[in-house]
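The values are calculated or read from the model by the stated rules, or taken from the named source; none is laboratory data. Remember, it's a predicted structure, so these values are computed and weren't measured experimentally. Glycine also receives a Cβ, built like all others from the backbone with ideal geometry; neighbour counts cover every protein chain displayed. Protein only, heavy atoms only, side chains kept; ligands, DNA and RNA dropped before computing areas. Shrake-Rupley method; radii C 1.70, N 1.55, O 1.52, S 1.80 Å.
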Amino acid sequence: MSGPVTTEDVAATADGQERTGAAVVVLEPGRIARVGSLPVRRVLPHRPRKTVGAWCFADHMGPVASDAAGLLGIGPHPHLGLQTVTWLLEGEMLHLDSLGSEQLIRPGQLNLMTAGHGVAHAEEDPGRARRLHGIQLWVAQPEATRNGPAAFEHHDELPRVALDGGEGTILVGDYDGTASPARRDTDHVGVELALCAPGALLALRHDYEHALIVLEGSLRVDDQVVEPGVLAYLGTARHECRLDLREPARALLLGGTPFPEKLLMWWNFVARTTAEASEARRQWTARDERFGTVNSQLERIEVGKPPWE
Ligand code: MN
């Protein structure tokens with residue numbers, strides 16, 4: 001349910017990004033991208049921001065009626081150097097990958113696929129739910145694990161924490177002393193926030209940078225209104241953050257230690273060099289065993305040469 005990165009999102013060069021080193025509220029609009037025939041709000045990456053902690057990609061999809069056959073299916077495609085994090089608010093999706101995993105995901109559950117040196121997957125719409133609403137994120141893998149084996153895990157239940165003004169579900173990482181069981185290769189956190197009026201006070205780690213993505217409703221941070229389709233970058237050096245609401249809202253809090261490595265993001269790859277990405281594309285096109293095969297009826301996704309070739 002997430003599409004490839006293009007040069008509309010980030011430059012096809014390996015680089016890092018400037019950081020403020022301070023608490024800020026910067027509203028960074030995403031863009032409407034297409035994943036198959038489905039429009040999605042791509043809020044990360046965008047120029048000039050590639051990462052928030054190790055989070056490097058976010059496609060917010062729906063809510064949309066899912067009665068159009070095939071609309072929501074994404075055929076087999078490869079990944080490397082990243083983890084995919086799938087989170088639904090409504091509907092269901094079937095994950096299939098080259099490790100042999102076949103996993104239905106429903107709201108409140110987490111699918112986490114680690115690509116490492118290479119994996120392929122497909123996402124199918126089982127066709128039973130009337131609506132679909134969700135987000136798919138990628139986490140950049142660090143040098144220590146990015147060439148390692150692929151893996152997949154599913155979590156039916158995730159820890160919840162009471163917030164002053166709502167409830168948090170911890171997808172990945174540790175929030176305010178409670179930890180998700182999900183694998184993580186870097187120091188990062190992702191929490192879904194179910195918030196109610198008049199607002200909530202979030203405890204934050206001052207050594208992390210953070211951002212908010214609103215999934216439903218709207219909220220205010222420092223008098224700036226944040227709605228779906230925008231990344232609200234909060235910077236670093238915060239111990240807490242006040243969110244003001246008039247109506248209930250749902251949002252995702254992303255955070256982590258600023259990612260120290262320069263990334264080359266192109267198509268479905270998070271690499272370091274253009275040579276790595278070129279080689280991966282060549283191997284996918286040649287049906288090299290690196291990415292394995294996926295037991296899906298959907299059409300395999302191919303891509304043309306990258307802009308540097
Ligand atoms: Mn994918």
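So here's what we get for this one:
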read-out	value
Residue in the range 134-142 that is away from the ligand (no atom under 16 Å from the Cβ), surrounded by fewer than 23 Cβ atoms within 10 Å (Cβ to Cβ), within 18 Å of the chain's Cα centre (by Cα) and over 19 Å from Pro39 (Cα atoms) present	yes
Residue among Gly165, Gly91 that alone is touching a strand residue (DSSP E or B) at 6+ places or on another chain (Cβ under 9 Å), more than 14 Å from the ligand (Cβ to nearest atom), touching a residue at least 60 places away in the same chain (Cβ under 8 Å) and open to solvent by 10 Å² or more (accessible area, probe 1.4 Å)	Gly165
Failed condition for Gly116, given (1) within 15 Å of the ligand (Cβ to nearest atom); (2) without any contact (Cβ under 8 Å) to a residue 60 or more places away in the chain; (3) in a strand (DSSP E or B); (4) of a type outside the set (Ser, Thr, Tyr)	(3)
One residue from Leu71, Leu132 being at pLDDT below 95, in a loop (DSSP other than H, G, I, E, B) and more than 30 Å from Pro260 (Cβ to Cβ)	Leu71
Test for Val225: is it without any contact (Cβ under 8 Å) to a residue 12 or more places away in the chain and either open to solvent by less than 10 Å² (accessible area, probe 1.4 Å) or over 23 Å from Leu82 (Cα atoms) (or both)	yes
Residue check for Leu104: away from the ligand (no atom under 15 Å from the Cβ), open to solvent by 20 Å² or more (accessible area, probe 1.4 Å) and modelled with pLDDT of 95 or more	yes
Failed criterion for Ala58 (all others in (1) modelled with pLDDT of 95 or more; (2) over 23 Å from Ala280 (Cα atoms); (3) more than 12 Å from the ligand (Cβ to nearest atom) hold)	(2)
Among (1) more than 30 Å from Ala65 (Cβ to Cβ); (2) open to solvent by 20 Å² or more (accessible area, probe 1.4 Å); (3) out of contact with any His (no Cβ under 9 Å at 6 or more places or on another chain); (4) modelled with pLDDT of 95 or more, the one test that Tyr175 misses	(2)
